[in-house]
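Engineer: Pasting a structure here, questions to come.
The values are calculated or read from the model by the stated rules, or taken from the named source; none is laboratory data. If you're wondering where the values come from, they're calculated on a predicted model, not measured in any experiment. Cβ sites come from the backbone with ideal geometry, for glycine too, and all protein chains shown count toward neighbours.
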Amino acid sequence: MKELLELYTVFFRVGIMMFGGGYAMLPLLRREMVEKKGYVTEEEILEYYAIGQCTPGIIAVNTATFIGYKQKRTVGAVVALLGLVTPAVIIICIVAGILKNFAENPIVEHAFAGIRIAVVALIVKATVDFFRTGVKGAGAFVLFSLTFIASAFFGVSPVIIVLCCGVIGVLYGIYGTKKEAES
């Protein structure tokens, strides 16, 4: 029971600081789940995040569910999910009640502009950290570059990109390791 309460609390903290959606959550999840709690490795959180992008639903919810499931199976998944969404439900209820009165207030507009800038900075930091962890070797760099170009310049769906890269990874695992073993 203590572990479940801790799981709920950790995801509650992530949920309360989650401004800007799934991408903004990435640095928070990494810090809490990898660095502080050690619930998952850096590679695992990247995998969960990638799968969370490909599956229906909200990336943050999917990722939290995967991490919770790893910790305490189905009960852990439910507890992590509840921990993550509880702050959002509370905040949405409060904001919905008062936003109508303050939405066009210049101070509120400036506050949200500042929050957006902070979110972008956090996403860039997480991207650099994950790049260092996930992109190792010339082949991985080429795949990263092609993926970036496909996404940024041609608007290819993240689902297609992740699936194609998964297939490439499987093929490399099968054929690339055979070639290395033969050498």
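Engineer: Take the residues in the stretch 29-43 that are in contact (Cβ under 8 Å) with a residue 40 or more places away in the chain and surrounded by 15 or more Cβ atoms within 10 Å (Cβ to Cβ); name whichever of them is nearest to Phe11 (Cα to Cα).
Structural biologist: So, considering only residues that are in contact (Cβ under 8 Å) with a residue 40 or more places away in the chain and surrounded by 15 or more Cβ atoms within 10 Å (Cβ to Cβ), the one nearest to Phe11 (Cα to Cα) is Arg30.
Engineer: Among Ala88, Ala80, which is the only one that is assigned by TED's automatic domain parsing to the domain that holds Ile58 and at pLDDT 90 or above?
Structural biologist: Ala80
Engineer: Does the stretch 137-155 contain any residue that is of a type outside the set (Val, Ile, Thr) and in contact (Cβ under 8 Å) with a residue 60 or more places away in the chain?
Structural biologist: no
Engineer: Among the candidates Val124, Val120, which residue alone is closer than 23 Å to Gly57 by Cα and under 18 Å from the mean Cα position of the chain (by Cα)?
Structural biologist: From the options Val124, Val120, the qualifying one is Val120.
Engineer: Another question about this same structure. Do we have Ala77 as surrounded by 15 or more Cβ atoms within 10 Å (Cβ to Cβ), assigned to a helix (DSSP H, G or I) and either free of Cβ contacts under 8 Å to residues at least 24 places away in the same chain or within 18 Å of the chain's Cα centre (by Cα) (or both) here?
Structural biologist: So Ala77 fits the description; yes.
Engineer: Go over the candidates Gln53, Gln71 one by one and state the one that is closer than 27 Å to Phe144 by Cβ and either part of a helix (DSSP H, G or I) or of a type in the set (Gly, Ala, Ser) (or both).
Structural biologist: Going through Gln53, Gln71 in turn, the sole match is Gln53.
Engineer: Follow-up question, since we're still on this one. Counting only residues that are out of contact with any helix residue (DSSP H, G or I) (no Cβ under 6 Å at 6 or more places or on another chain) and under 14 Å from Lys72 (Cα atoms), how many does the stretch 1-32 have?
Structural biologist: Of the residues in the stretch 1-32, 5 are out of contact with any helix residue (DSSP H, G or I) (no Cβ under 6 Å at 6 or more places or on another chain) and under 14 Å from Lys72 (Cα atoms).
Engineer: Of Leu5, Leu46, which residue is out of contact with any strand residue (DSSP E or B) (no Cβ under 7 Å at 6 or more places or on another chain) and touching a residue at least 12 places away in the same chain (Cβ under 8 Å)?
Structural biologist: Leu46
Engineer: Grab the helices (runs of 4 or more DSSP H) fully contained in the stretch 98-183, keeping just those with 1 or more residues being assigned by TED's automatic domain parsing to the domain that holds Thr41, surrounded by 11 or more Cβ atoms within 10 Å (Cβ to Cβ) and out of contact with any Asp or Glu (no Cβ under 6 Å at 6 or more places or on another chain).
Structural biologist: Those helices (runs of 4 or more DSSP H) span 106-134.
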